[in-house]
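Worksheet: one structure, shown below.
The values are calculated or read from the model by the stated rules, or taken from the named source; none is laboratory data. Just so it is clear, the model here is predicted, and its values are computed rather than measured. Cβ coordinates were reconstructed from backbone atoms using ideal geometry, including for glycine residues, and neighbour counts include every protein chain displayed. SASA here: full protein model, heavy atoms, side chains in, ligands and nucleic acids out. Shrake-Rupley method; radii C 1.70, N 1.55, O 1.52, S 1.80 Å.
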Amino acid sequence: MSLVEVTGLSVDFGELRAVDGLSFRLEEGAALALVGESGSGKSTVASALLGLHHGTGARVGGSVRVAGTDVQRASDEELRRLRGGQAAMVFQDPLSSLDPYYAIGDQIAEVYRVHARASRRAARARAVEVLDRVGIADAARRSRSRPHEFSGGMRQRALIAMALACEPRLLIADEPTTALDVTVQAQVLDLLHTLREETSMGLLLVTHDVGVAAESVDEVLVMRHGRAVEHGPVSRVLGAPVQPYTRELLAAVPRLDAPAAGSTAPQEAVLEEAVLEEAAPKGAVLEATGLRREFGRGKRAFTAVRDVSLTLHRGETLGIVGESGSGKTTLGRMLVGLLEPTAGEVRYDGRPHTGVNPAVQMVFQDPVSSLNPRRSVGESIADPLRARGERDEGRIQARVAELLERVGLEGAHYDRYPHEFSGGQRQRVGIARALAADPRVIVCDEPVSALDVTTQAHVVALLGELQRELGLALVFVAHDLAVVRQVSDRVAVMRQGRIVEEGPVDEVYGTPQDPYTRQLLAAVPALDPEAAALRRAERRELAAA
Amino acid sequence: MSGFPGFVLRRAVGAVVTLLAISVIVYVVFYVTPGNVAQITCGPRCSPEQVDQVARQLNLDDPLFLRYWHFLQGLVAGQDYSTGTSVQHCSAPCFGLSYQSDQQVTQLIWTKLPVSLSLVSGAMVLWLLLGVGTGVLSAWRRGRFSERVLTGVTLAGTATPVFVIGLVLMIVVCGELRLLPFPQYVALTDDPEQWAWNLLLPWLSLALIEAAAFARLTRASMLETLAEDHIRTFRAYGVGERSIVGRHALRGAFAPVIALNANNVGSAIGGAVLTETLFGLPGIGQELVHAVNVVDLPVVVGMVLVIGFFVVLANAVADVLYAVADRRVVLT
């Protein structure tokens with residue numbers, strides 16, 4: 001009998017059918033990835049394996065057997081024994097998935113005591129043991145910490161430790177690395193890999209990131225609209241996909257290696273164009289010298305950006321990559337004039353520029369929170385026009401309609417509200433708003449990190465198109481090294497508020513000089529399972545060095 | 001300065017500033033309030049000469065800032081008052097003498113305060129037990145019949161005026177069933193047992209009113225916590241509903257309950273007038289209402305400052321409790 005047997009599973013939330021007739025099996029010790037974009041139903045499947053839809057109003061059909069338990073028919077008591085004991089789940093957001101009020105060791109011990117007859121003391125000892133196992137240094141002392149005293153990566157390790165506590169036969173990991181930096185993601189994936197080698201535990205990995213799947217599993221199941229699109233061994237599905245959707249998905253994934261010629265991915269046209277333009281003579285449009293920014297005062301003072309100088313030329317794209325806390329957003333905001341530098345200055349067209357300048361605009365990361373939900377998108381786009389003193393209502397409307405069409409929406413969308421748009425469309429609105437002021441420079445702060453890969457590819461393509469047609473200079477701030485490679489002419493790598501390496505993309509990505517850049521590049525998941533194994537080996541070497 | 005001593009120091013300075021501001025406001029309000037204070041103090045049958053004499057004696061003709069200056073002097077250094085024939089010394093902190101009785105306000109406070117503190121401390125224990133208990137039960141039994149009954153009962157509790165609840169309790173418990181004597185204040189230091197028995201009904205009636213708010217707050221915060229991600233984690237690990245509600249969800253209700261409690265304790269010290277009146281308890285609230293009616297400025301200022309002091313104190317204690325309950329909170 002298989003470890004997991006799912007037959008004809010369907011899950012309905014009211015009118016919405018989230019999962020539609022899905023069937024798959026997972027053998028003892030094997031690893032399967034459910035891959036899909038947001039809304040594909042992959043997390044709903046993961047919850048169904050533990051019967052977490054019971055009592056939530058969702059209607060579940062079909063049959064689910066996990067470790068010999070019929071999840072659909074099981075009593076509450078049987079379900080409790082299954083959960084954590086036989087099959088343990090690691091959730092996406094390690095910050096919110098632990099109780100903020102209790103010590104981490106106590107939380108793990110509590111879960112352990114649900115499943116094992118153990119004294120408090122023995123359970124506490126077990127908690128320290130598993131924390132040590134997942135690589136928490138000084139586990140006995142750290143087990144007394146509250147979650148907020150742990151970093152993101154450590155919290156995710158703690159959640160994995162909780163999962164390990166009762167030695168389950170199946171580990172379900174729902175987007176276990178989505179909230180983590182790329183180097184930390186690599187560490188967590190390596191940990192999962194090692195644990196599987198050592199314990200022969202089965203793994204069901206739910207992820208939107210094809211690269212993460214390639215690193216970690218034997219089999220892949222691609223999902224879309226609640227159905228299985230393609231299912232097979234990882235090297236076959238990722239190497240020679242049969243279904244058009246799988247191909248589209250793979251083509252949209254930005255790659256770290258130089259894009260292959262003749263590929264149909266939309267953003268590659270951008271890159272060629274950028275390469276052509278490189279020949280043209282360029283002057284500096286934005287220059288930053290000795291930028292420094294501190295937050296807080298006295299003992300709590302923190303320097304987010306220290307001594308950064310950079311130049312942005314006309315019509316080029318400068319990528320800024322870095323992990324969370326590297327100061328890249330702070331730098332971007334200083335370039336636009338949203339933040340005053342503590343020291344140093346930003347010159348636009350050779351003149352010092354203080355405060356906001358219509359010619360330098362920004363596109364923000366989160367298209368949901370950067371648009372006012374109570375105002376129509378047309379009003380939001382019209383704001384910069386009105387700010388410049390335009391009073392003629394007819395001209396404003398006409399210009400907004402033109403901008404909406406320019407970014408691939410319809411002029412008639414003027415009166416719609418942000419919630420009526422999808423994430424990608426909202427980001428287009430954000431871009432239209434930035435264009436309204438006729439800028440020459442746009443600073444994009446993580447413009448695509450909240451979007452699915454296929455949407456991401458379209459938005460990136462749009463930015464490239466606009467750049468060519470309007471002669472814009474772009475600063476592209478992002479944590480995703482592959483995306484930055486795709487769009488940038490030059491790239492700057494940031495760490496702890498400094499630029500550690502800067503140069504043309506091909507040089508920085510091809511022959512990285514700084515050890516940190518090398519570490520970052522080695523951490524990026526590869527699409528090809530064999531390449532993934534090579535990178536894993538490379539990481540081990542770098543870690544040993 | 002940082003850490004706990006720094007916190008206490010900052011709060012103490014803040015409290016002094018707040019209390020002085022309150023006293024200024026009370027003085028100004030009394031100054032601009034219409035009505036002849038000397039006439040009211042002297043009584044309706046006083047002759048105009050007598051009224052003038054009273055006004056002189058109470059320095060009512062002095063400008064506002066001078067009177068306030070005298071008040072501050074008394075507070076810091078104490079003051080001597082001549083009441084016709086004798087001179088009485090009022091040592092610091094001196095809130096002055098009552099216009100009505102010539103009694104020192106400080107002494108008045110010392111006689112009224114124990115009554116109010118007795119009432120509020122006992123009632124607080126009861127309202128926390130009743131309120132939080134009901135809240136936990138209704139969060140646990142959410143959506144079921146028993147929860148609806150509990151919600152109904154607590155709603156009825158808030159909707160019923162304290163004099164109705166108190167009166168009914170008194171008539172039934174003391175009158176019909178004769179389980180307790182009609183309440184009469186006995187000092188804790190005189191006879192602890194009688195103190196508790198006599199205060200039981202006042203405690204209960206005050207607590208029943210307040211408990212409803214705690215029940216609803218506890219329920220709401222617990223339901224909010226129950227929808228959070230970390231609760232899902234423990235469900236997914238087979239932790240039982242009892243532990244999820246009683247251990248993880250309840251913890252999320254601590255902070256709001258602490259905040260509400262600080263607020264209620266502070267305001268009940270001076271605000272439980274109805275309960276005090278109904279059960280004949282000579283507390284701060286009753287005294288304050290009386291003093292306002294007869295425009296007895298020194299008594300009003302004294303009582304208001306005592307109430308203000310307890311409000312500030314209750315909130316400082318609440319902040320410390322926050323930090324104890326949630327380690328992420330840093331005292332500033």
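How long is region B:154-309 along each principal axis, judged by its Cα atoms, biggest number first, in Å?
Cα spread of region B:154-309 along its principal axes, largest to smallest: 64, 42, 33 Å.
Answer with one residue from A:V220, A:A457, A:G327: the one whose Cα lies farthest towards the positive end of the charge dipole of chain A, charges on Cβ with Lys, Arg +1 and Asp, Glu -1.
A:G327
Output the 0 to 90 degree angle, nearest 10, between the alpha-carbon long axis of helix B:284-293 and the longest principal axis computed from the alpha carbons of chain B.
40
Sort A:533-541, A:471-479 for me by packing, meaning the mean count of neighbouring Cβ atoms within 10 Å per residue, highest on top.
Descending packing order for the listed peptides: A:471-479, A:533-541.
In what sequence, highest mean first, do A:392-402, A:172-182 appear when ranked by Cβ atoms within 10 angstrom?
Those peptides, ordered most packed to least, come out A:172-182, A:392-402.
May I ask for the distance between the Cα centers of region B:48-87 and region B:261-332, given as a whole number of Å?
Value for the Cα centre distance between the two parts: 28 Å.
Could you work out the mean count of beta carbons from other protein chains within 10 Å of each residue's beta carbon in B:324-330?
If you average over the peptide's residues, the count of other-chain Cβ atoms is 3.
Kirkwood hydrodynamic radius of region A:120-189 from all distinct Cα pairs, in Å?
By the Kirkwood definition, the hydrodynamic radius is 12.6 Å.
Whose amide H sits under 5 Å from the amide H of A:H313, counting only residues 5 or more places off or on another chain, with H placed in the peptide plane?
It is A:V285, by chain and number.
Interface A/B, total buried accessible area with a 1.4 Å probe, nearest 100 Å²?
Summed over both sides, the interface buries about 2300 Å².
Tell me the mean residue ellipticity at 222 nm calculated for chain B from its helices only (DSSP H runs of n ≥ 4, each -39500 (n - 2.57), averaged over every residue, nearest 500).
Roughly -23500 deg cm²/dmol at 222 nm, from the helical runs in chain B.
Based on C-alpha coordinates, I'd like the Rg and Dmax of region B:138-237, in Å.
Rg and Dmax of region B:138-237, Cα atoms, are 19.1, 57 Å.
Write down the Å³ per residue value for the convex hull defined by the alpha carbon atoms of region B:69-140.
127
Rounded to two decimals, what is the ratio between the C-alpha radius of gyration of chain B and 2.2 N^0.38 Å?
In units of the 2.2 N^0.38 Å rule of thumb, it is 1.22.
Summarise the accessible area of region B:147-233 (1.4 Å probe, protein heavy atoms) by the percent that is carbon and sulfur.
66
What is the average number of partner chain Cβ atoms found within 10 Å of a Cβ in A:50-60?
1
Please name whichever of A:V19, A:S47, A:I442 sits farthest to the positive end of the charge dipole of chain A, dipole taken about the Cα centre and charges placed at Cβ: Lys and Arg +1, Asp and Glu -1.
Going by the charge dipole, the pick is A:S47.
What's the magnitude of the charge dipole for region A:348-476 around its Cα centre, counting Lys and Arg as +1 and Asp and Glu as -1 at the beta-carbon? Answer in Debye, nearest 20.
In total the dipole reaches around 280 debye.
Can you spot the aspartates and glutamates whose alpha carbon is less than 14 Å from A:K328's alpha carbon? Ignore those fewer than 8 places along the same chain.
Straight-distance partners of A:K328: A:D181, A:E294, A:D307, A:D445, A:E446, A:D480, A:E501, A:E502.
5 Å is the cut-off here: which amide hydrogens, built 1.01 Å from N in the peptide plane, fall below it relative to A:V443, excluding neighbours closer than 5 in sequence?
Those lying under 5 Å, H to H, from A:V443 are A:Q361, A:M362, A:V363, A:V475.
Taking the Cα centre of the protein assembly as shown as origin, work out the dipole magnitude from +1 charges on Lys and Arg Cβ and -1 charges on Asp and Glu Cβ, in debye rounded to 20.
Approximately 1620 debye in magnitude.
Name the residues whose placed amide hydrogens come within less than 5 Å of the amide hydrogen of B:C90, ignoring near sequence neighbours (fewer than 5 apart) on the same chain.
For B:C90, the qualifying residues are B:Q79, B:D80, B:Y81.
Give the accessible surface of the protein assembly as shown per residue, rounded to a whole number of Å², with probe radius 1.4 Å and ligands, DNA and RNA excluded.
46
Counting only complete DSSP H runs, which helices of chain A cover 24 Å or more along their long axis at the Cα atoms and score a mean Kyte-Doolittle of -0.5 or above?
Length and hydropathy pass: A:182-199, A:453-470.
Which Cys residues of chain B have no other Cys beta carbon under 4.7 Å away?
If one checks each Cβ against the other cysteines of chain B, B:C174 turn up with nothing under 4.7 Å.
Largest first and in whole Å, what are the equivalent-ellipsoid semi-axes of region B:1-99 based on the Cα gyration tensor, each being the root of 5 times an eigenvalue?
Three semi-axes, in Å: 35, 17, 9.
Can you give me the Kirkwood hydrodynamic radius for the protein assembly as shown, using every pair of distinct Cα atoms, in Å to one decimal?
Averaging 1/r across every pair of different Cα atoms and inverting gives 32.9 Å.
Once you average over the residues of A:354-363, how many Cβ atoms of partner chains fall within 10 Å of each Cβ?
For peptide A:354-363, the averaged partner shielding equals 0.
Arrange the peptides B:53-66, B:108-121 so that the one whose residues have, on average, the most other Cβ atoms within 10 Å appears first.
Highest mean packing first, the order is B:108-121, B:53-66.
Cα atoms only: what Rg and Dmax, in Å, come out for region A:335-484?
Rg then Dmax for region A:335-484, in Å: 15.2, 46.
Report the equivalent ellipsoid semi-axes for region A:54-205 in whole Å, largest first, defined as the square roots of five times the eigenvalues of the gyration tensor built from alpha carbon atoms.
Here the semi-axes work out to 25, 19, 15 Å.
Just to check I understand the Karplus step: with θ = phi - 60° and J = 6.51 cos²θ - 1.76 cosθ + 1.60, what whole-Hz values come out for region B:91-106, glycine and proline as x?
7, 5, x, 10, 8, x, 10, 5, 4, 6, 10, 6, 6, 5, 4, 4
May I ask you to work out the translational diffusion coefficient for region A:145-268 at 20 °C, viscosity 1.002 mPa s, via Stokes-Einstein with Rh from the Kirkwood sum over Cα pairs, reported in whole µm²/s?
Translational diffusion coefficient: 132 µm²/s.
Calculate for chain A the 222 nm mean residue ellipticity that helices alone would give, adding -39,500 (n - 2.57) per DSSP H run of length 4 or more and normalising by residue count, nearest 500 deg cm²/dmol.
After summing the helix terms and dividing by the residues of chain A, the value is -11500 deg cm²/dmol.
Check each of the trypsin sites (Lys or Arg not before Pro) in region B:143-246 and keep only those in coil by DSSP with at most 16 other C-beta atoms within 10 angstrom; list them in order.
Loop-located and lightly packed - B:R144, B:R178.
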